[in-house]
1. For region 1-116, list the helices (runs of 4 or more DSSP H) that sit wholly inside it and hold at least 2 residues that are under 19 Å from residue 128 (Cα atoms) and more than 11 Å from the chain's Cα centre (by Cα); which are they?
2. Please work out if residue 63 is at negative phi and either surrounded by 12 or more Cβ atoms within 10 Å (Cβ to Cβ) or of a type in the set (Ser, Thr, Tyr) (or both).
3. Among all residue pairs at least 6 apart or on different chains, which show Cβ distances below 6 Å where the first residue, located in region 12-30, is at pLDDT 95 or above and the second is assigned to a helix (DSSP H, G or I)?
4. Within region 89-106, work out how many residues are touching a Cys at 6+ places or on another chain (Cβ under 9 Å) and surrounded by fewer than 20 Cβ atoms within 10 Å (Cβ to Cβ).
5. Restricting to region 123-140, what's the tally of residues that are in contact with a helix residue (DSSP H, G or I) (Cβ under 7 Å, 6 or more places away or on another chain) and modelled with pLDDT under 95?
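The values are calculated or read from the model by the stated rules, or taken from the named source; none is laboratory data. Since the model is a prediction, treat every value here as computed from it, not as a measurement. Cβ: placed from backbone, ideal geometry, glycine included. Neighbour counts: every protein chain shown.
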Amino acid sequence: MTNALRFPAADPHTAAAFFAAELAFEADPDDVHRDLQTGNTTGYVLVETRAPEAFAKERIPGAINLPYRDLTERPERPEWLADLDPDLVYICYCESFQCNAATKGALELARRGFRVKRLSGGITAWREAGYPIESDGVTGSDVSKVACHC
C-alpha cells in the first residue's frame, strides 16, 4: 500500500462538504486581486491585522488597519468597531502562513458578531504573486519586505 493512500480518501459527498467548509474560511489572493482589478469588492473589506507601523509601510490596496492587538487586548467593544458594517465580510490578513495575527483578528471580529475570512498566505503570498502593494501613499510591487510588527 502507498503512503499516500494509507488512509483512504473520503467519499465524494464528505469530501465536498469538507472542502466547501474550508472555502468558507479562506479567501484566495488571486480572487481578491481579480476583484480589485475590476473594482468589484462588493460585500467585503480587506483587513490588515498587523501593527499600524507595518500597515503604513506596506499594505494591500484598499485595506483598512484593525490591529489584532487592539481587538484582543480590549475586552470592551472599541468605539471604532461601531463604524464597521455588520453586513460585510471582513477578510483578514497578516504577514504570512507563519504569522497568526489574521487568525487572532478574525477570531475577535467573529466573537463580536462579524462575518470573517482569512486571506491565504497573507501579504507575503500577495507580494510573491507580484500583486500591487501600497506604501506611504505610493503604489508599487517592489516595496521592500517589512517585519510583521505584530
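1. Values: elements: 12-23, 29-38, 52-57, 68-72, 101-111.
Helices (runs of 4 or more DSSP H) meeting the threshold: 29-38, 52-57.
2. On the way: at negative phi: yes; either surrounded by 12 or more Cβ atoms within 10 Å (Cβ to Cβ) or of a type in the set (Ser, Thr, Tyr) (or both): yes.
It is true that residue 63 is at negative phi and either surrounded by 12 or more Cβ atoms within 10 Å (Cβ to Cβ) or of a type in the set (Ser, Thr, Tyr) (or both).
3. As it stands, the answer is 29/125; 29/126, since those pairs meet every condition given.
4. Selection size over region 89-106: 6.
5. 3
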